[in-house]
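The values are calculated or read from the model by the stated rules, or taken from the named source; none is laboratory data. What you are looking at is a predicted structure, and each value in this text was computed from that prediction instead of being measured. No Cβ is skipped: glycine too gets one built from the backbone with ideal geometry, and neighbour counts run over all protein chains shown. Areas reflect the complete protein model, heavy atoms only, side chains present, ligands, DNA and RNA absent. Shrake-Rupley method; radii C 1.70, N 1.55, O 1.52, S 1.80 Å.
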Amino acid sequence: MGGKQQDKDDEAYGKPVKYDPSFRGPIKNRSCTDVICCILFLLFILGYIVVGIVAWLYGDPRQVLYPRNSTGAYCGMGENKDKPYLLYFNIFSCILSTNIISVAENGLPCPTPQMVITSLQQELCPSFLLPSAPALGRCFPWTNVTLPALPGITNDTTIAQGISGLIDSLNARDISVKIFEDFAQSWYWILVALGVALVLSLLFILLLRLVAGPLVLVLILGVLGVLAYGIYYCWEEYRVLRDKGASISQLGFTTNLSAYRSVQETWLAALIVLAVLEAILLLVLIFLRQRIRIAIALLKEASKAVGQMMSTMFYPLVTFVLLLICIAYWAMTALYLATSGQPQYVLWASNISSPGCEKVPINTSCDPMAQPVNSSCPGLMCVFQGYSSKGLVQRSLFNLQIYGVLGLFWTLNWVLALGQCVLAGAFASFYWAFHKPQDIPTFPLISAFIRTLRYHTGSLAFGALILTLVQIARVILEYIDHKLRGVQNPVARCIMCCFKCCLWCLEKFIKFLNRNAYIMIAIYGKNFCVSAKNAFTLLMRNIVRVVVLDKVTDLLLFFGKLLVVGGVGVLSFFFFSGRIQGLGRDFKSPHLNYYWLPIMTSILGAYVIASGFFSVFGMCVDTLFLCFLEDLERNDGSLDRPYYMSKSLLKILGKKNEAPPDNKKRKK
């Protein structure tokens, strides 16, 4: 029966890997994989570059960076270089008409004459003036100004609120200056804090070879202790409420969730859940202790591998730079596309009901450089309205923006895939070196990088495209959900939540599958589909080991991040808040407006650094684990098929490599 069951498992998840006498680690003689996808990816990148060139030719980001007056001239540029501020003749027109969409498209349009401040004696003067201050190159009234009696204006409170809203949303000058001053005063110490985070992350990974076992044991016991305390606390709360007779039948149904804390059934349910988790964890420790030991041994091996190839710890810098380039290119392309189009001008009058304005074609196009078309209409002007949506580029603007978003997701996922495959190739060369460190290649990281770019660009693009399509679908669903939030249809919201949950799970699964497929690509050099299939079947044949290693690694890396981020956060708090005294003049904490700003910056930077280091370590663990599983299936410890795993793993598994005959004679 056991043999038949094993045969069924082999048919379901593939047969174990057969011995290959020519295999000695990552295959060097390989060919290009997924060539069609590689060509498509390169053509897509070429089209992405063309989109960027078109955007650069037709776009004008000055529309966002600089304000424009009624004639369309930029303030602070060219002839108006010494006139950086824009004055609105009637700011209340802006208050009543401005919306977010118009700001995004046209800067800050107002249906009122606008002029560059230089000399009011030579220009048309506004009917009233208010004390104002500059914000984003525009003059806005003070919030505490006493409003004059204005024709047609009857609600001073509404106007004051409108002015206050504009100031609150646009004028952040004082806060920005203070933030800049704080960074100028503390940037050196922030770098010191980030250096501490880097050292702590590196030390934690390197010391795992010595303390991985005790640390995992302490963490598991800590989890057991927390669960035990939770059980005790829930029991005490349940006992007190039971004696009082507080029951859910007395409370009934309520939307106030905090009210359920006062009934005994809540604490009884929590007690049962915690007790079940405690029992499961104890059973895992008892029956899966061997696999936990294997996981700890693999963590130690990963620490040794990182120690042998320290350059791998700094590869995330390469990934970060490439990601930054992709994001910056997309942002600039999107900005230039959004500002493409020629400026449009229309006729405008402050009061179209005035005598002489009846026959004026208001809102029709005009030339701002021409003479006034109708001097009998008071206040008639040719003002800037917006940017033309005509033309091939403007008509295709939406499609080009969609192309850019797709390019952003695809390139970002490709860069992440490149990093995973390169690191996997480097760490695989460590595992499959029989005599360590003598057999490890001289430059494993550089060799893996060149090998991946040369042969597997198409495979990485294939995996990245699959993930990109799922992520785009999630973005579309989020957009639809945002639009339907006002709809109070529980069935529709339930269906939407189900779709979002399914896509989230699908994205997680694809990331997991891609990660292991890239490891197999780095080792064997096969295409994406074959590598993904081989990785999946190999993991399914060892599913219990996969789960145990994954959870032990997650627990350990979570503790490492907590240690690094928490340590840097505590040190930063005591230093920047001035609670550390007696360090001398050179180590005195700077005087800051917001001392929490460098603290939060240090914590965020420490988290990014720790995540970068631990992502490399996690990739190392996953790579060594797949190599370990392949080693178990491929070899048997004989002279012709020796195991490549470490002695500690051989000892845990109760296996050993057969010694050569010369060594046996020598022992005798």
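Screening residue 499 on (1) in contact with a helix residue (DSSP H, G or I) (Cβ under 8 Å, 6 or more places away or on another chain); (2) open to solvent by less than 80 Å² (accessible area, probe 1.4 Å); (3) not polar (S, T, N, Q) shows it passes everything except condition (2).
Given the criteria of a type in the set (Ser, Thr, Tyr), under 30 Å from residue 649 (Cβ atoms) and buried (at least 18 other Cβ atoms within 10 Å of the Cβ), does residue 311 qualify? Working first, answer last.
Details: of a type in the set (Ser, Thr, Tyr): yes; under 30 Å from residue 649 (Cβ atoms): yes; buried (at least 18 other Cβ atoms within 10 Å of the Cβ): no.
No; evaluated as a whole, the condition is false for this residue.
On inspection, residue 460 fails the criterion of being part of a helix (DSSP H, G or I) and either farther than 20 Å from residue 38 by Cβ or among the acidic types (Asp, Glu) (or both). In this structure, residue 429 qualifies as in a helix (DSSP H, G or I), within 24 Å of residue 300 (Cα to Cα) and hydroxyl-bearing (Ser, Thr, Tyr). Among the residues of the range 512-531, the ones that are open to solvent by 10 Å² or more (accessible area, probe 1.4 Å) and among the aliphatic types (A, V, I, L, M) come to 2 in all.
Being at pLDDT below 85 and touching a helix residue (DSSP H, G or I) at 6+ places or on another chain (Cβ under 6 Å): is that true of residue 444 here? Break it down stepwise before answering.
Numbers: at pLDDT below 85: no; touching a helix residue (DSSP H, G or I) at 6+ places or on another chain (Cβ under 6 Å): yes.
In short, no.
Of the residues in the range 195-211, how many are within 14 Å of residue 571 (Cα to Cα) and either touching a Leu at 6+ places or on another chain (Cβ under 8 Å) or buried (at least 16 other Cβ atoms within 10 Å of the Cβ) (or both)? Going through the range 195-211 one residue at a time, the tally reaches 3.
Of the candidates 417, 426, 433, the single residue that is under 29 Å from residue 515 (Cβ atoms), modelled with pLDDT under 90 and not acidic (Asp, Glu) is 433. In this structure, residue 334 does not qualify as under 30 Å from residue 396 (Cα atoms) and without any contact (Cβ under 8 Å) to a residue 60 or more places away in the chain.
Selection of the range 568-607 for residues being out of contact with any Phe, Trp or Tyr (no Cβ under 7 Å at 6 or more places or on another chain), of a type outside the set (A, V, I, L, M, F, W, C) and at pLDDT 80 or above yields 569, 572, 601, 602, 605, 607. Only one of the listed residues (551, 561) is of a type in the set (D, E, K, R), touching a residue at least 40 places away in the same chain (Cβ under 8 Å) and open to solvent by 10 Å² or more (accessible area, probe 1.4 Å). That residue is 561.
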